Amino acid sequence: MDNKMFCYQCQETAKNIGCTQVGVCGKDSETANMQDLLIWVTKGLSQVTTKLRKEGKTVPIEVNHMVTFNLFSTITNANFDEQVFIQRILLVNETKKNLIKELTDKEGLSSAALYDEKDTTLFGKKAKEVGVLSEANEDVRSLKELITYGLKGVSAYSKHANVLIKDDGDLDEFIQSTLSALLEDKSVEELIALTLETGKYGVSGMALLDGANTSAYGNPEMTHVKLGVGTNPGILISGHDLRDLEMLLEQTQETGVDVYTHSEMLPAHYYPAFKKYPNFYGNYGNAWWMQKSEFASFNGPILMTTNCIVAPADSYKDRIFTTGATGYPGVTHIPGDIGDEKDFSEIINLAKKCPSPTELEKGEIVGGFAHNQVFALADKVVEAVKSGAVKRFIVMAGCDGRHKSRNYYTEFAKALPENTIILTAGCAKYKYIKLNLGDIGGIPRILDAGQCNDSYSLALIALKLKEVFELEDINDLPISYNIAWYEQKAVIVLLALLYLGVKNIHLGPTLPAFLSPNVVNVLVENFGIAGISTVEEDMKILVG
Ligand code: SF4
């Protein structure tokens, strides 16, 4: 059967090879192809901006935001709306045309930079010519896609910082010069170097977002988050955008409507600034892939602020909303650009007419162990390591997903000896955070730093421990890495860890399909990257 599309960017890709007819995520082939075309014209735009910078000319900040928005919107489960991508391609083409007029030297522009088709019926044919498989060499394709996915991940982080009016011009320049470089013929060696440099800017992107979040909302602190429900109607907010949450909380004051978090929005409870809102009730449910049943029983409206939406079930189709880079055909989208006050009144009015949420569970989650909180506990942690009460830390950050193979992470957490501590971030935590693993001398055995981008905190904690224990090499610490990946933000976290010199990372539940056998060999030989096997075998390797 001919390929209608080709996408292999996430862990759930068909047969761990590639989605060729329709995405396992539900993305149809037309939307997948428009995403490919959008990435290609965005590379063309980046070639123009890179040339402009070389000529000493200024690139408008709106163009930087356009590039990161485009990359972010093509992340897995971010946007399923073909029309959105068609409009973005037209917008990019128009922007390129205007910027090209400012270039003194127009020589050597690529077809991606010059593409200016207005007949949208021809987009599908063009997309087939420029998609992932247009690169014939398997290793070059593998590395170019690895870099592209890393750039998608760091663009998501950059976009979250941008909405808090924080930008990093060097990061934008790197994203664009690298996108431009991906249009050129490059050797495997050159692409490996560019992969590591992408990791370096991954650290910059996470630092940018960490600074933006903590300067706006304070440093995350140890917090007990309720899991039950109240009697008021509620709005469920999911995704990662803390600015959207802030606007929603402001607009729901004294309305009689409570606000609950779902999945990756849980760590918002850890920030001091959000604790002042009396209607910020607690966390409802689990990770993104559970949304079909959990959104149905929530009973009230749901706001998806970033990637993590799946095809809405009929039971809640008329009460789910998207905003930002997220979209789904037929779902109401709340508009608003960077710096705009979004109007959530439609969602709030709907909530008032809905019953309160159906209770799924009782209890609480304890989290908030980002770098500042862990540094405050540093003396206790160091003492526990020196006394032998804590033998090892296991970083189990990353993503959760649908596949049953991910139950490995629950079993792994359960099997860990009582003198080990899990360091986590991202929605991977839902596989074990409710297990009640207890504490070691008052230090919880699961330290949740926050969202996937808060993996930055885990890196800072490792670097701090290296300093305290006066070690030469970060790999001499009693820390093992057993990371679960799903989408492209996990790719930039992985590249960032490699850039920081972390070795012997175990990645599961499968290695990425986009890594060719030769690229896997490079990662194994230089970084000791490995997959997972059984809990028993991996326990021997990772815990000893
Ligand atoms: S994002 Fe993942 S599941 Fe969706 S089409 Fe791409 S590889 Fe397939």
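The values are calculated or read from the model by the stated rules, or taken from the named source; none is laboratory data. Nothing here was measured: the structure is a model prediction, and the numbers come from that model. Ideal geometry is used to build each Cβ from the backbone, glycine not excepted, and the neighbour counts take in all protein chains shown. Heads up: the accessible areas ignore ligands, DNA and RNA and are worked out on the full protein's heavy atoms, side chains in. Shrake-Rupley method; radii C 1.70, N 1.55, O 1.52, S 1.80 Å.
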- In segment 291-318, how many are surrounded by fewer than 18 Cβ atoms within 10 Å (Cβ to Cβ) and in contact (Cβ under 8 Å) with a residue 24 or more places away in the chain? 2
- Task: Only residues that are open to solvent by less than 50 Å² (accessible area, probe 1.4 Å) and part of a loop (DSSP other than H, G, I, E, B): list them for segment 1-20, please.
- Result: M5, F6, Y8, Q9, C10, Q11, E12, T13, G18, T20
- Task: Go through segment 71-87 and count every residue that is closer than 21 Å to T306 by Cβ, assigned to a helix (DSSP H, G or I) and open to solvent by less than 40 Å² (accessible area, probe 1.4 Å).
- Result: 4
- With G450, G442 as the choices, which residue is in contact with a Lys or Arg (Cβ under 8 Å, 6 or more places away or on another chain), under 30 Å from D379 (Cβ atoms) and in contact (Cβ under 8 Å) with a residue 60 or more places away in the chain? G442
- Residue tally, condition within 12 Å of the ligand (Cβ to nearest atom) and open to solvent by less than 30 Å² (accessible area, probe 1.4 Å), over segment 30-54: 4
- Item | The one condition in (1) touching a Phe, Trp or Tyr at 6+ places or on another chain (Cβ under 7 Å); (2) away from the ligand (no atom under 13 Å from the Cβ); (3) not in a helix (DSSP H, G or I) that K27 fails to fulfil | (2)
- Note on the structure: K51 meets each of (1) assigned to a helix (DSSP H, G or I); (2) touching a Phe, Trp or Tyr at 6+ places or on another chain (Cβ under 6 Å) with one exception, condition (2)
- Message: Among the listed residues V259, V229, identify the single one that is crowded, with 19+ Cβ neighbours inside 10 Å, closer than 19 Å to G368 by Cβ and modelled with pLDDT of 95 or more.
- Response: V259
- Note on the structure: Filtering segment 190-226 down to residues that are open to solvent by 10 Å² or more (accessible area, probe 1.4 Å), of a type in the set (A, V, I, L, M) and outside any helix (DSSP H, G or I) yields M222
- Message: Tell me the residue from G368, G336, G327 that is small (G, A, S), at pLDDT 95 or above and within 30 Å of I446 (Cβ to Cβ), please.
- Response: G368
- Name the single residue, out of those in segment 102-127 being assigned to a helix (DSSP H, G or I) and of a type in the set (S, T, N, Q), that is farthest from the chain's Cα centre (by Cα). T121
- Among L191, L227, which is at negative phi, hydrophobic (A, V, I, L, M, F, W, C), over 19 Å from the mean Cα position of the chain (by Cα) and not assigned by TED's automatic domain parsing to the domain that holds I334? L191
- Could you tell me which of the residues F369, F344, F321 is open to solvent by less than 50 Å² (accessible area, probe 1.4 Å), closer than 22 Å to R243 by Cα and free of Cβ contacts under 8 Å to residues at least 60 places away in the same chain? F321
- Message: Checking the condition within 30 Å of G218 (Cβ to Cβ), in contact (Cβ under 8 Å) with a residue 60 or more places away in the chain and within 28 Å of the chain's Cα centre (by Cα), which residue from V130, V154 passes?
- Response: V154
- Message: Checking the conditions here, which among T20, T76 is within 13 Å of the ligand (Cβ to nearest atom) and touching a Cys at 6+ places or on another chain (Cβ under 6 Å)?
- Response: T76
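Between L146, L99, L164, L133, which is in a loop (DSSP other than H, G, I, E, B) and of a type in the set (A, V, I, L, M)?
L164
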- Message: Quick check on this structure: which one of T68, T58 is surrounded by fewer than 24 Cβ atoms within 10 Å (Cβ to Cβ), hydroxyl-bearing (S, T, Y) and closer than 21 Å to A181 by Cα?
- Response: T58
- If we scan segment 479-495, do we find a residue that is outside any helix (DSSP H, G or I), surrounded by fewer than 18 Cβ atoms within 10 Å (Cβ to Cβ) and touching a helix residue (DSSP H, G or I) at 6+ places or on another chain (Cβ under 9 Å)? no
- Message: Can you tell me which residue is surrounded by the fewest Cβ atoms within 10 Å (Cβ to Cβ) among those in segment 106-159 that are closer than 20 Å to E189 by Cα and acidic (D, E)?
- Response: E138
- All but one of (1) near the ligand (Cβ under 9 Å from one of its atoms); (2) more than 22 Å from the chain's Cα centre (by Cα); (3) not small (G, A, S) hold for Q9; which doesn't? (2)
- Query: Quick one: Y277 ticks every box in (1) free of Cβ contacts under 8 Å to residues at least 40 places away in the same chain; (2) open to solvent by 20 Å² or more (accessible area, probe 1.4 Å) bar one, so which box is it?
  - Reply: (2)
